[in-house]
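Inspection log for the structure reproduced underneath, given as structure tokens.
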Amino acid sequence: MIEKILIANRGEIALRIIRTCKELGIKTVAVYSTVDKNSLHVKFADEAVCIGPGDSTNSYLNIPRIIAAAEITNADAIHPGYGFLSENAEFAEICNDSNIIFIGPQPEQIRQMGDKIIARANAKNVGVPIVPGCEYPITSFEEADKIADEIGYPIMLKAAAGGGGKGMRAIREKSHLELAFQVAKNEAMSAFGNDDMYIEKLIESPRHIEIQILADTKGNFLHIGERDCTIQRRHQKLLEETPSPFIDDATRLKMEEASLNLVKALNYTGAGTIEFLVDKDMNFYFMEMNTRLQVEHPITEAVYDIDFIKEQIRIANGLEISKKDFRLNGHSIECRINAENPDKNFMPSPGLITAFNSPGGYGIRIDTHCYTGYNIPSNYDPMIAKLIVHADTREEAIKRMLRALDEFVIEGVKTTIPLFQKILTDKKFIEHDYDTNYMEKREEIEV
Ligand code: MV4
């Protein structure tokens, strides 16, 4: 059984993992960069190893240093969290080769789903609806031109190694394709070292709705609800909620069944999320599969009463998922609070937090690594806290979130708290009359 886990991450997710490990009696090893030496995950872990300077390439993304930290502390397993190396198949392989349990799926499953063309083929093979498009890499503009004509404009040009919006372009006119194809191909090569491109029919005004999956090594495959992540800005999720206020039960069942079929065909193990595009007529299309725990997992934990870190450790220990049926109870919303200035085009606002007072009370959860006196470094992503509320209904959850945001005191840096107070009182949000262009449309109004 796993007795000591190294957390190959930082910030709130490192703290999140340490908390569950403590409750399970599992020792923890934190790794940290020099700029994170005063971070809470370092203070709360049983052991801590400095693995390098602030820049991630020489710390949180540095595989040899992380493996070395695991070896000198005799960690049995590594939890990658999300981001960083969490979907790096090579890292998972090196962990296995080093006789260190990687808490996540098998390397091959990470690799398969990391290539968006292979992921689409896997989805299509088991009958999961995919966006009409090509199912192999496009090698030349001439080929792209022919395929785009067959699919019909508007189209979406995507990088096979992309994801999360990177390496993607919407093209509405044939005359724009040649330049866009070359530029996107070059961007993909420099960003991912892989310039395989593919084309899909553009889905207008989609919603982003994802299905949570949990599978163990004993043949149990569960779907555990959906999350509506449609409120995003430049492909960064801002606010997530469950259940989705948009899809009906019939669509929900079909999305859950499609997701289970896919993970069963892959013989997937661990936590995973299948992301779908959903159009205004509630047609859903496979978009991507994430082979890791998501940032927004706490809203699912709230309504299904589940601890995903505990389940992931059970699965890594070769045990069954703790329950066979998790039942939905209520509604949950998460706001990702960033140290950014919404009045200055979301410019990052790192620096010293001079006052930090979290909201509390029934149905409130705060996942944060920040505290009064903490200095937010400029090296990493600006998320400083996740505020999660749980209530019986969506209306009550919105009220509770507004009350919590009102209580939340963070001084010394600018935050996106005011943005959420505007969104949660916006008629369009309350009536769930929005799509992934919601923030773009808001910013047009606010100019
Ligand atoms: C699309 C799309 C429309 N049509 N694919 C964005 C990131 C990546 N997950 C895929 N994304 C999209 N793919 C087709 N064929 C629109 C988006 C998209 C989007 C999707 C989900 C959430 C936010 C988004 C913001 C812009 C574009």
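Here are some notes:
- The number of residues in segment 179-216 being without any contact (Cβ under 8 Å) to a residue 60 or more places away in the chain and not hydrophobic (A, V, I, L, M, F, W, C) comes to 8.
- Applying the criterion of being away from the ligand (no atom under 14 Å from the Cβ) and not in a strand (DSSP E or B) to the residues of segment 198-243, the residue that is nearest to I398 (Cα to Cα) is P243.
- Count of segment 166-175 residues, restricted to those that are away from the ligand (no atom under 16 Å from the Cβ) and surrounded by 12 or more Cβ atoms within 10 Å (Cβ to Cβ), is 1.
- Flag for D367 being at pLDDT below 95 and outside the structural domain of I13 (by TED's automatic domain parsing): no
- For segment 8-21, the criterion of a residue being surrounded by fewer than 17 Cβ atoms within 10 Å (Cβ to Cβ) and not in a helix (DSSP H, G or I) is satisfied by no position.
- The residue of segment 264-294 that is nearest to the chain's Cα centre (by Cα), among those that are within 12 Å of the ligand (Cβ to nearest atom) and among the hydroxyl-bearing types (S, T, Y), is T273.
- Filter result for G272 (under 30 Å from A89 (Cβ atoms) and assigned to a strand (DSSP E or B)): yes
- Taken as a whole, the structure places E108 among residues that are assigned to a helix (DSSP H, G or I), more than 19 Å from the chain's Cα centre (by Cα), more than 13 Å from the ligand (Cβ to nearest atom) and outside the structural domain of A68 (by TED's automatic domain parsing).
- Residue among R327, R336, R365 that is of a type outside the set (V, I, T), under 24 Å from the mean Cα position of the chain (by Cα) and in a loop (DSSP other than H, G, I, E, B): R327
- Close pairs from segment 270-288: first without any contact (Cβ under 8 Å) to a residue 40 or more places away in the chain, partner more than 12 Å from the ligand (Cβ to nearest atom) and part of a loop (DSSP other than H, G, I, E, B), Cβ under 7 Å, at least 6 apart: M282/I247; M282/D248
- Of the residues in segment 84-98, not one is in contact (Cβ under 8 Å) with a residue 24 or more places away in the chain, charged (D, E, K, R), farther than 24 Å from I274 by Cα and not assigned by TED's automatic domain parsing to the domain that holds N194.
- Single match in L293, L262 (criterion: of a type in the set (A, V, I, L, M, F, W, C) and either free of Cβ contacts under 8 Å to residues at least 60 places away in the same chain or part of a loop (DSSP other than H, G, I, E, B) (or both)): L293
- In the condition set (1) surrounded by 19 or more Cβ atoms within 10 Å (Cβ to Cβ); (2) hydrophobic (A, V, I, L, M, F, W, C); (3) within 16 Å of the ligand (Cβ to nearest atom), I299 is compliant with all but (3).
- Leading residue by the ranking (surrounded by the fewest Cβ atoms within 10 Å (Cβ to Cβ)) among those in segment 126-152 that are within 13 Å of the ligand (Cβ to nearest atom) and under 18 Å from Y285 (Cα atoms): G152
- If you check K414, K428 for being more than 16 Å from K237 (Cα to Cα) and not in a helix (DSSP H, G or I), only one passes: K414.
- Hey, E3 touching a residue at least 40 places away in the same chain (Cβ under 8 Å), acidic (D, E), surrounded by fewer than 23 Cβ atoms within 10 Å (Cβ to Cβ) and over 12 Å from I78 (Cβ atoms) or not: yes
- Restricting segment 153-165 to residues that are more than 21 Å from the chain's Cα centre (by Cα) and part of a loop (DSSP other than H, G, I, E, B), the residue that is farthest from the ligand (Cβ to nearest atom) is Y153.
The values are calculated or read from the model by the stated rules, or taken from the named source; none is laboratory data. All values reported here derive from a predicted model rather than from experimental measurement. So basically every Cβ, Gly included, is an ideal-geometry build from the backbone, and we count neighbours across all protein chains shown.
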